[in-house]
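This report concerns only the one structure given below.
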Amino acid sequence: MLSILLLGPPQIVLDRQPIDIPRRKTRALLYYLAARQTAVTRERLLHLFWPDHERSAAQQTLRTTLHGIRKSLGDVLSVTNEHVGLADDAQVDLQLFEAQLASGAAEQIALGLALYRGLFLEDFSLPDNEDFERWAENERERTRQLALGGFLRLAQQHEDSQNFPAALGALTQALALDPLHEEIQRATMRTQYRAGDRAGAIRRYEQLRDRLDEELGVPPMAETQALYDAIITDALAPPADHAPLAPIVPAPPPRDELPFISRAPELERLIAAAESHRLLVLEGEPGIGKTRLATTWLNSQDRVVLRGSAYELEQAIPYHPISEALRGLCGMEWRDRAPIAPIWQAELARLVPELAGGAVPPAPPGDESRLWEAVRQLLHALARVKPVALFLDDLHWADTATLGLLGYLVRQSSAARISYLVTMRGGQQQPALATLLQALTRAGQIERIVVPRLTSEEMARIARALSAADSEALAKWLDAQGEGNPYVITELVRSIRERGWLRANGTIDRAALDSAPLVPHTLYSLIQSRLAQLSPSALHLLHLAVAIGREFEFPLLASAAHMPSAALLDAFDELRRAALILPIGGQRFRFDHSLTMEVAYREVGEPRHRQMHRTVAEALEQASPPLDDALIASHFAEGDQPERAAPYALRAAQHAMSLSAWQEAATFFELACYGQQPPELTRILTQLGVAYTNAGDAQHANERLRKAIVLAEQHHDAAEARAARLALARTLLTQGRYREVIDSIQPLLGTPDAASAEFFWGAALSLEGADLCSASAHLRKAEQLLESGAGAIHRSQVQFELGSILAQQGDLPGAIRTYQGVIETASGAIQPDEITWYILAHNNLAYHLHLLGDPAARGYAERGIVLARESGYLQLTVYLRSTLGEIQLAAGELDDAEQSFRKGLVLSEQFHIPERTAGLTANLGLLALRRGQQQQAAALLAEALAQSDSLGTHHLSAQIRIWLAPLLPRARAAALLAEARALAESGQRNGLLAQIAQIEQATEAQIA
């Protein structure tokens, strides 16, 4: 099939291969035919292209030209005696561009604008043909105006739906085409103002005014000045009369709680840090009042409050606290006022199906970064309407996936009206939480507020609030008994009220208080004394509730209790009267405090507690339909019945995989292995290996996959053995263990997975860089095998790796053509598993165009970033940020380059991409060198070199040595260059060898 691209630098592509037609006029004629909606008369072609020829000579030249086109491209023309045109099946980007823009729908307009790669026939001309040049210039301006109008219409539709970031994105692209277009500038000012960036809208007007004065010597139009006046006076009317989002606030504290006294220093720190875009952490010992302090602050805020809690038993359930928090939106009408794109709606539906609110497009395969971005998009959309607070209680119990997502949200919240607040116990934390806290501390993105015990003065204020007449005596007693712990003091006050020692009028029974301490000075004993007063039925019900968790549904408790209805209700009422159980809403209840659960757990004993878990699991199992697989599996596992947990664990693991919650998936897959035999055990082990790979646990991934291979081969399960070997090859490739990759896939040659085996062999050799010729041969073989039949990989993957080899060998034009081919191959209907290579091809094309000094490089990098964000493949922006930063660095845009490098570095560390961590560290070293900071540059490059050498990435290691050498003493520099030369020669990296030669020549000249 013939494809002709006219928007941007023109290209002719036949059957996905770029075609080079040498004669400029022949190309011009083909472009002219492609730009026309209908066939063109021969007379028109003769007049346009050969106006100075005799008619017979012109006709002969036209026939020769058409023959040449057929010879080069085949039967791609429709020719009659009178007319000439392209065949009906030819694809022309201009025609698609105009058709999509004419549709009016936002999605179609966006697709059309994506085809606008640049000006019509950019950088192409017929200098000796004024008529053609005039026609091309008219088309250039016409299509530019079409694009401007398309961006404006797209922005307006996004603005109408209050999707202000998308609207500003479209307007930014329009302004890149015409920065002095005042209608677009006004639309941008208006959108910035309505998105809450009033200062940005004012700055934009001032910059436009100055630029118009400097370049044209005119003031802004009257309409622009009027809009500016409306903005600075806040007189711009809102687009629609939307009711504000109602805040979701926690329930008021129970009646018996102490009056909230003081905590002024902690509250002041919360208020001061609320808009700092840092994670606010309230930490302290159990019962110290962290949740009460958080709730008091949240109740004072005019915010949408989304609250979730982590629980010990739910630690293996991925994203449980986040899901609970987002379910708070289910009772709100938020979709019309805080809309998000369909791709993010589909991702959110994985996590909280109740948020779908109707039909959403099916989500692509699970991807951690896409799910995280969907949550971010939702929170930022809400924050454009009303400030948001995400509150996660008891973070010390949170699952790994939740902690990863929380870290991502905090890092990405620099410009949003969102506060992130958590509570946690002090002391040593679980490894994942400790890692998060350390990372945010290094980045300066955390505010840790330790909640201390109450002072004697604060105890006196509490006593005065409880007993005006006897406050001094009460304060002294509470201070001695409670030791400053609010939870203990609350229980003491409750107890002396029940005993009549603190009367309703505020007076106290001093003799009773002075006679003896109520309980020993331990929190455990205080709670133990409350439990001792319960009847056997109420105590049994309490122990069942402990097994269920901090919050529970009454119907589940009733089902597990196996008690007569009257006895059940009496026992439950007893728990409520004792205030051990508190209502939340409907049939949901919670314990008064996690400490009550801990004491009850210790009192019941381990064997009986495990029996309680089995009872709860059976009750969950008998529900219709059965409730959460993860919960059932967890309860059976806690109940010491792993064989009953296994089938539920398998389903829970597969669900966790769909959410990209890799560590949680691995935990459930391990449980699912119990009691299994091949072939089912082999399949579970393979999936377990994939989960460990994605979780970054290479050691366990290797162990489980090798075990799967052994089992499959022992039981002659060839298909599962091949699947496990391919999964092992993938994980070994990410570890830089290239020789082991080859060993693992060699047995697959000559099997249905031979194409994948050849691909991994070639990719391993390419990344290792020691034998690029062999790498190319294996990739070419994979390409041949794919053409002859189906394979588990795509041709675009193979082509991408081939482009990488050409680049390493210094054949940049060849690499560029290959990456352009990848883009052309996928630019039609992009399959979900091809999008990675489509985006990465934009990155590599931008990088190598940059090396050749081609200004088109920036456009490909920026377009790649847009594609990655729109598609939810945020990990790919690591590479694009690196490339864009290098382009900005070369252009002298040092601050922009630093921002790009640092954004990429944060993401590379977050998504565990060590090769790019090394590369971006080196980029920062080059930036420091550009700023004249040689010592810092040398330190950063040395750090990057150590990282790269540890990974075995030969090309990057050689390149960093070349950058570092001129900053070192002559002897050390010579040694580094010798090492770089050895690496470059081993892989025939001609580009690197040329750089080495250039440095050596410069050094020799200095010596001379």
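So the values come out like this:
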item: 5 angstrom amide H check on residue 40, placed H, neighbours 5+ away; result: 84, 85
item: In order through segment 604-612: 3J(HN,Hα) via Karplus (6.51 cos²θ - 1.76 cosθ + 1.60), integer Hz, x for Gly, Pro; result: 6, x, 5, x, 5, 4, 5, 4, 4
item: Computed over segment 851-934, Kirkwood Rh from alpha-carbon pairs, angstrom; result: 12.8 Å
item: Å² of accessible area per residue within the chain, as computed with a 1.4 Å probe and no ligands counted; result: 43 Å²
item: Gain in span if fully extended, residue 582 to residue 211, counting 0.36 nm per residue against the direct Cα distance; result: 127.1 nm
item: Cα lying deepest toward the dipole's positive end in the chain, options 632, 813, 29, charges on Cβ; result: 632
item: FRET efficiency estimate (nearest 0.05) - Cβ-Cβ, residue 428 to residue 912, R0 22 angstrom; result: 0.35
item: Relative contact order for segment 264-450, counting Cα pairs under 8 Å that sit 6 or more residues apart, in percent; result: 38 percent
item: Angle between the chain longest axis and helix 164-177 axis [Cα atoms, degrees, rounded to 10]; result: 20 degrees
item: Computed label-point distance, nm, for sites residue 718 and residue 128 using a 7 Å Cα→Cβ extension; result: 6.6 nm
item: Whole-percent carbon and sulfur share, accessible surface of segment 264-450, 1.4 Å; result: 51 percent
item: Within segment 463-491, backbone nitrogen closer than 12 Å to the virtual label 7 Å beyond the Cα of residue 503 toward Cβ; result: 469-470
item: Accessible surface of segment 2-142 [probe 1.4 Å, protein heavy atoms]: carbon and sulfur percent; result: 47 percent
item: Across 290/903; 290/476; 25/781, pairs whose alpha-carbon gap is larger than 31 Å; result: 290/903; 25/781
item: Ratio of Rg to Rh over segment 1-123 (Cα coordinates, Kirkwood Rh, two decimals); result: 1.00
item: Electrostatic dipole magnitude of segment 470-519 [Cβ: Lys, Arg +1; Asp, Glu -1; Cα centre; debye, to 20]; result: 180 debye
item: Two-site FRET efficiency, residue 160 against residue 79, from Cβ-Cβ distance with R₀ of 45 Å, rounded to 0.05; result: 0.40
item: FRET E, pair residue 438, residue 851, Förster distance 51 Å, beta-carbon r, rounded to 0.05; result: 0.85
item: Contact order relative to length of the chain, as percent, for alpha carbon pairs under 8 angstrom and 6 or more apart; result: 6 percent
item: Percent of beta bridges antiparallel (DSSP, the chain, rounded to nearest 5); result: 45 percent
item: HN-Hα J in Hz across segment 441-449 - Karplus 6.51, -1.76, 1.60, θ = phi - 60°, x for Gly and Pro; result: 5, 4, 7, x, 10, 9, 10, 9, 10
item: In degrees, nearest ten, helix 795-808 long axis to first principal axis of the chain (Cα); result: 70 degrees
item: In order through segment 431-438: 3J(HN,Hα) via Karplus (6.51 cos²θ - 1.76 cosθ + 1.60), integer Hz, x for Gly, Pro; result: x, 5, 5, 4, 5, 4, 4, 5
item: Intensity falloff of segment 470-519 expressed as log10 I(q)/I(0), Debye formula with alpha-carbon point scatterers, at q = 0.14, 0.16, 0.17, 0.32 Å⁻¹; result: -0.29, -0.38, -0.43, -1.53
item: Angle in degrees between helix 536-548 and the longest Cα principal axis of the chain, rounded to the nearest 10; result: 20 degrees
item: Surface accessible to a 1.4 Å probe, residue 773 within the full protein complex, Å²; result: 70 Å²
item: GluC sites (Glu not before Pro) restricted to DSSP loop in segment 57-166 with at most 15 other C-beta within 10 Å; result: 82, 122
item: Residue 978-residue 787 pseudo-label distance in nm [points 7 Å out on the Cα-to-Cβ vector]; result: 4.6 nm
item: The chain: translational diffusion in µm²/s, Stokes-Einstein, Kirkwood Rh over Cα pairs, 37 °C, 0.692 mPa s; result: 99 µm²/s
item: Accessible-area composition of segment 794-903, carbon plus sulfur, in percent [1.4 Å probe]; result: 49 percent
item: Cα-based convex hull volume of segment 264-450 per residue, rounded to whole Å³; result: 118 Å³
item: Quotient of Cα Rg and 2.2 N^0.38 Å for segment 630-746, N being how many residues it contains; result: 1.06
item: Estimated distance in nm for a label pair at residue 511 and residue 222, the labels positioned 7 Å out from Cα along Cα-to-Cβ; result: 9.4 nm
item: Value of D in µm² per second that Stokes-Einstein yields for segment 794-903, Kirkwood Rh from Cα pairs, at 10 °C (1.306 mPa s); result: 115 µm²/s
item: Principal semi-axes in Å for segment 50-180 [√(5λ), Cα gyration tensor, largest first]; result: 38, 18, 10
item: For residue 305, residues with placed amide H under 5 Å, excluding near neighbours; result: 248, 389
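The values are calculated or read from the model by the stated rules, or taken from the named source; none is laboratory data. The structure presented is a predicted model; accordingly, all values stated were derived computationally and were not measured. Methodologically, a virtual Cβ is constructed for each residue, glycine included, from the backbone with ideal geometry; neighbour enumeration extends over all protein chains shown. For the accessible areas, the whole protein counts, side chains as well, though only heavy atoms, and no ligand, DNA or RNA atoms are used. Shrake-Rupley method; radii C 1.70, N 1.55, O 1.52, S 1.80 Å.
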